[in-house]
Amino acid sequence: MADPTLKRTQGLSGPTTMQLVDASFFKPHDPVETTYRVISAATTNGQVISTLPGHLIGVDLYNTDTTSPSYVKFFDLATVPNLGTDIPVMVFTVGVSASGGRVTLGGDQLNYKFKTGIAMAITKLPDDTDATALTNPKTVVGTILF
């Protein structure tokens with residue numbers, strides 16, 4: 001490779017220097033901020049977010065229910081979780097909407113590595129083995145970054 005420095009001489013802030021890098025230093029499954037949108041149904045909402053290993057790097061979830069919290073559970077699986085048998089690696093309580101009802105985490109607050117895949121479910125109770133479905137659709141809405 002010739003000179004690995006490119007110079008851009010015209011720009012809004014004057015001359016800019018950019019360094020070309022060898023992309024081979026990126027490892028497979030590094031966080032790439034893929035977005036997964038959540039709009040819950042009146043079920044346990046078992047879903048596979050990714051069938052590959054990866055990082056959960058951000059969540060922004062809102063509960064529209066005014067009377068009951070919801071529990072968003074993440075599993076280190078590449079298949080839909082079998083609630084009552086599979087154990088989540090993390091559970092987020094999304095409080096009632098009247099009390100704020102929102103969970104927003106990212107950056108250093110959340111950077112969990114899933115070794116198998118990323119799966120999730122949403123239930124009405126916090127127990128790891130709970131399989132109680134949500135009563136109403138669109139109870140939990142939001143975005144997950146992985």
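The values are calculated or read from the model by the stated rules, or taken from the named source; none is laboratory data. This one's a predicted model, so the numbers in the text were calculated from it and none came from an experiment. All Cβ positions, even for glycine, are placed from backbone atoms using ideal geometry, and neighbour counts span all protein chains on display.
So residue 78 clears everything in (1) of a type in the set (Gly, Ala, Ser); (2) modelled with pLDDT of 95 or more; (3) more than 16 Å from residue 54 (Cα to Cα); (4) in a loop (DSSP other than H, G, I, E, B) except one condition, right? Which one?
Failed condition: (3).
Considering only residues that are farther than 14 Å from residue 80 by Cα, touching a strand residue (DSSP E or B) at 6+ places or on another chain (Cβ under 8 Å), assigned to a loop (DSSP other than H, G, I, E, B) and not basic (Lys, Arg), which ones fall in region 111-132?
Selection gives 111, 125, 126, 128, 130, 132.
Would you point out which residue out of 108, 128, 60 is within 11 Å of the chain's Cα centre (by Cα) and surrounded by fewer than 17 Cβ atoms within 10 Å (Cβ to Cβ)?
Within the list 108, 128, 60, the selection yields 60.
Quick one: what pairs do we get from region 42-65, first residue more than 12 Å from residue 123 (Cα to Cα), second among the basic types (Lys, Arg) and not in a strand (DSSP E or B), C-beta under 9 Å, 6+ apart or different chains?
53/115; 64/138
What number goes with the only condition from (1) hydroxyl-bearing (Ser, Thr, Tyr); (2) surrounded by 15 or more Cβ atoms within 10 Å (Cβ to Cβ); (3) in a strand (DSSP E or B) that residue 143 does not pass?
(2)
Scan region 49-72 for residues that are touching a strand residue (DSSP E or B) at 6+ places or on another chain (Cβ under 7 Å) and closer than 17 Å to residue 113 by Cβ and jot them down.
49, 50, 53, 54, 55, 56, 57, 58, 59
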